[in-house]
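A short worksheet on the structure shown next.
Just so you know, all these numbers are worked out from the coordinates, no wet-lab data involved. Model, not experiment: these values are computed from the prediction. Positions of Cβ are backbone-derived with ideal geometry, glycine not excepted, and every protein chain shown enters the neighbour counts.
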Amino acid sequence: MAEAKAFAVRTHGVTKVFGRGAAAVHALRGIELEVPWGELVMLVGPSGCGKTTLISILAGILDRTEGECQVLGVDPQHLRQSTRTRWRGENVGFVFQQFNLIPALTAAENVAVPLLLLGHPRRKAIAAAEAQLERVGIADKRKVRPTQLSGGQQQRVAIARALVHEPRFVVCDEPTSALDADNGQIVMGLLAEIAMRGDRALVVVTHDARIFHFADRIVRMDDGLVAGVRTQTADRTLKLHSHQP
């Protein structure tokens, strides 16, 4: 794959098959995707078309069946498992659809988890987590547990956790699906503001047309393939209706 340095992500002919024989499910059928540095790319399409499978492969969580995949200049699948785990921990931030916060931990402790897993001293990890919570506007919730937070606040904690280790590649799975229009705009504004730099890239899986204006390009998927790509001038301006959470 020539000129890979121009792209944070580049795939060629990526397939993913779950199961074998008559029970085989062809989730991806030959994905061609390029994500330039400094861009926010959205993956859209019907449920079951392979969007979440694709980002899981890009993040080094799933192995592909066939094809080529370069992420941040390496092929995650060619790394030994321990090396891949370390690579993912250092370079990838993942915002999950259901937040995946640990109920027994405070907001700051949840955000500090990636740093603790990388071996950072607890005191420094918590300090970095608190600074990240301030960046996303909820520093006052640092000692609060997830069950005491609103959905919008939990999503901000999840974003802070995904970004606390300064990842170069951020992947989000339906980050606004549980949020109202205003909170969805705020969450995407935070992601775009914090995550988007010339040495980073962001891929967002979404069905939410209200946030399409944040994207530099929109990749439409259908039946395990890229069905079309629309490049646009991104408008990162928050389009609010009432108030922040």
Problem set entry | Paramagnetic reach from Asp223 (point 7 Å along Cα→Cβ, amide N under 15 Å) across the stretch 24-43 | 26-31
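Please give the net charge around Val14, taking every other residue with its beta carbon less than 14 angstrom from that of Val14, where Lys and Arg add +1 and Asp and Glu add -1. Before the final figure, lay out the partial values.
Values: positive: Arg10, Lys16, Arg29, Lys51, Arg64; negative: Glu32, Glu34, Asp63, Glu66, Glu68, Asp75.
Its environment carries a net charge of -1.
Magnitude of the Cβ-charge dipole of the chain, K/R +1 and D/E -1, about the Cα centre, nearest 20 debye?
Numbers: 30 positive and 25 negative charges, 141 e Å.
Here the chain has a charge dipole of around 680 debye.
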Problem set entry | Spin-label zone in the stretch 3-40 - amide nitrogen under 18 Å from a point set 7 Å from the Cα of Glu66 along the C-beta vector | 11-33
Problem set entry | Packing rank of 230-236, 103-109, where each peptide gets the mean count of other beta carbons within 10 Å, highest leading | 103-109, 230-236
Problem set entry | Computed over the stretch 159-243, Kirkwood Rh from alpha-carbon pairs, angstrom | 13.7
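So if each residue of separation counts as 0.36 nm, and I subtract the Cα-Cα distance between Val25 and Val74, what length gain in nm does that give?
Length difference between fully extended and current span is 14.9 nm.
Show me 64-72, 83-91 ranked by packing, highest mean number of other Cβ atoms within 10 Å first. Spell out each step's value before the answer.
Numbers: 64-72: 19.1, 83-91: 16.2.
Going from most to least packed, we get 64-72, 83-91.
Would you kindly state how much longer the chain becomes between Arg230 and Glu32 on full extension, computed as 0.36 nm times their sequence separation minus their alpha carbon distance, in nm to one decimal? It would help to have the intermediate numbers written out before the result.
Values: separation 198, 0.36 × 198 = 71.28 nm, distance 1.42 nm.
That works out to 69.9 nm of additional length.
Got a sec? How would Leu43, Leu118 order by Cβ neighbour count within 10 Å, fewest to most?
Arranged by neighbour count, lowest to highest, Leu43, Leu118 become Leu118, Leu43.
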For this session: Post the alpha-carbon centroid distance, the stretch 64-109 to the stretch 158-214, in whole angstrom.
Result: 16
Exercise. Once every DSSP H run of n ≥ 4 in the chain is given -39500 (n - 2.57) and the sum is divided by its residues, what mean residue ellipticity at 222 nm do you get, rounded to the nearest 500 deg cm²/dmol?
Worked result: -9000 deg cm²/dmol
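Would you mind getting me the FRET efficiency between Phe18 and Arg123? Use the beta-carbon distance for r and R0 = 45 Å, nearest 0.05. Show your work: numbers first, answer last.
Working: r = 43 Å, r/R0 = 0.96.
Efficiency, from the Cβ-Cβ distance: 0.55.
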For this session: Report, to two decimal places, the Cα Rg of the chain normalised by 2.2 N^0.38 Å (N = number of residues).
Result: 1.00
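Rank these for me by crowding, Arg135, Arg156, going from fewest to most other beta carbons within 10 Å. Walk me through the intermediate numbers first.
Working: Arg135 17, Arg156 27.
Listed from fewest to most nearby Cβ atoms, that is Arg135, Arg156.
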For this session: Could you line up Val17, Val136 from fewest to most neighbouring Cβ atoms inside 10 Å?
Result: Val17, Val136
Seminar exercise, completed: With Glu90 itself left out, Lys, Arg at +1 and Asp, Glu at -1 over residues whose Cβ is under 13 Å from its Cβ give +3
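What fraction of the DSSP beta bridges in the stretch 7-231 is antiparallel, stated in percent and rounded to the nearest 5?
Numbers: 21 of 38 bridges.
Around 55 percent antiparallel, to the nearest 5.
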